[in-house]
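Okay, so here's the structure we're looking at.
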Amino acid sequence: MFVSLFLYAFVASFTPGPNNIMAMSFANQVGLKKTMKFCLGVGTGFLIIILLCSYFNLLLNNLLPQIKSIMAVIGGVYMLYLAFKMITSKQPESDAAGDKHNSFIAGMLLQFINPKGILYGITVTSTFILTSPSSSFRLLSYSLILAFIGYMGTFCWCLCGSLFKKMISKYRSQFNVLMGLLLVYCAVSIVLG
């Protein structure tokens, strides 16, 4: 189960999304140092989202214990949907957001309107974290680890900047197929248990 968790976290954190595209764009515009505040904001906001999702899912799990298997199937189906979207996606349009959005607060607040991050938080907590008895320490530990993985994904996009952008443009379809197949593996391992 840990392999599936980390594969899913890696795929969700390192594939294109609002956080990563904006970090790459900001780094191309103003450099790595000035983009770090945005990346830290993304990591902080993501940690808050994961913690909220963990406790929300724990509450649901305690109120409706039979929901665990239903949530695993829903999480698996959602990952298959993400895999399909990833494999069939086209080249994203460039996001030329201005420097005014390159801030800690903007990065943090982006997480609360980022459907990829919110759905990831709900899916990862219900499917992986709450599969065994959960304590507050366990929820906090997993949340910190997942937020760190998410931060590293955003930071890597920021760090690689135009180089990473060129590589994905050149090998986009192969990259998407690989990431999509990793998501399929995660979904199947979750549903089959």
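Given the criterion at pLDDT 90 or above, more than 17 Å from L58 (Cβ to Cβ) and in a helix (DSSP H, G or I), identify the matching residue among G153, G107, G117. Matching residue, one of G153, G107, G117: G153.
What about Y142, is it farther than 30 Å from Q29 by Cβ and modelled with pLDDT of 80 or more? Against the criterion (farther than 30 Å from Q29 by Cβ and modelled with pLDDT of 80 or more), Y142 qualifies. Among residues of the range 10-48 being β-branched (V, I, T) and surrounded by 24 or more Cβ atoms within 10 Å (Cβ to Cβ), the one that is modelled with the lowest pLDDT is T35.
In the set L82, L7, only one residue is under 13 Å from the mean Cα position of the chain (by Cα) and modelled with pLDDT under 75; that residue is L82.
The values are calculated or read from the model by the stated rules, or taken from the named source; none is laboratory data. In this text the structure is predicted, and so the values were computed from the model without any measurement. Reconstructed Cβ throughout: ideal geometry from the backbone, glycine too, with neighbour counts over all protein chains shown.
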